[in-house]
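Notes to accompany the following structure.
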Amino acid sequence: MQNLNIFVSSLKHQIWRRYYYFFHKEEIPDSIKKRKGLCKRCGLCCQASIRCPKLAYDENGLALCNIHDHKPYMCAIYPFNGRDFFKHLKDKCGYWYDES
């Protein structure tokens, strides 16, 4: 049941991300400048709801995108603000935003 809850929550978040991006596109670049931290290359965001078919892992177990140079913009900008975290991954992500 928990997996279903995570799936539904993640799917809702995917919809919210696209809605927010579409209607607040001008806010995204400034918000990303406030992002802190680095990607941990864990790949969890690439499988938050449905595992991305382009997700792979290198010999060290670090995630990589098979189409990194051409990955969808929505993937490249994750997380684009302090609300743009999959709930079950927020504490695991290498990125964060200072709440101010």
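The values are calculated or read from the model by the stated rules, or taken from the named source; none is laboratory data. Note that this is a predicted model, so its numbers are computed, not measured. Ligands, DNA and RNA are excluded from the accessible area calculation, which covers all protein heavy atoms including side chains. Shrake-Rupley method; radii C 1.70, N 1.55, O 1.52, S 1.80 Å.
Provide the gained length on full extension for the span Ile67 to His88, in nm with one decimal, where the gain is 0.36 nm per separating residue minus the Cα-Cα distance.
Details: separation 21, 0.36 × 21 = 7.56 nm, distance 2.54 nm.
5.0 nm is the gain from fully extending Ile67 to His88.
Have a look at Leu55, Leu89, Leu38 and tell me which one the Gaussian network model of the chain (Cα, springs below 10 Å) gives the largest fluctuation. The residue with the greatest mean-square fluctuation here is Leu38. As a length-normalised measure over Cα pairs under 8 Å and 6 or more apart, the relative contact order of the chain settles at 37 percent.
Rolling a 1.4 angstrom probe over the protein heavy atoms with all chains in place gives the chain an accessible area of 72 Å² per residue. Rounded, prolate or oblate for region 1-94? Axes are the square roots of the Cα gyration tensor eigenvalues, ordered a ≥ b ≥ c, and the cut-off for rounded is a/c under 1.5. Oblate shape, in that a/c is at least 1.5 and b/c is the bigger or equal ratio. Which aspartates and glutamates have a Cα less than 14 Å from the Cα of Lys92, not counting those fewer than 8 places away in the same chain? Leaving aside aspartates and glutamates fewer than 8 places away in the same chain, those within reach of Lys92 are Asp84.
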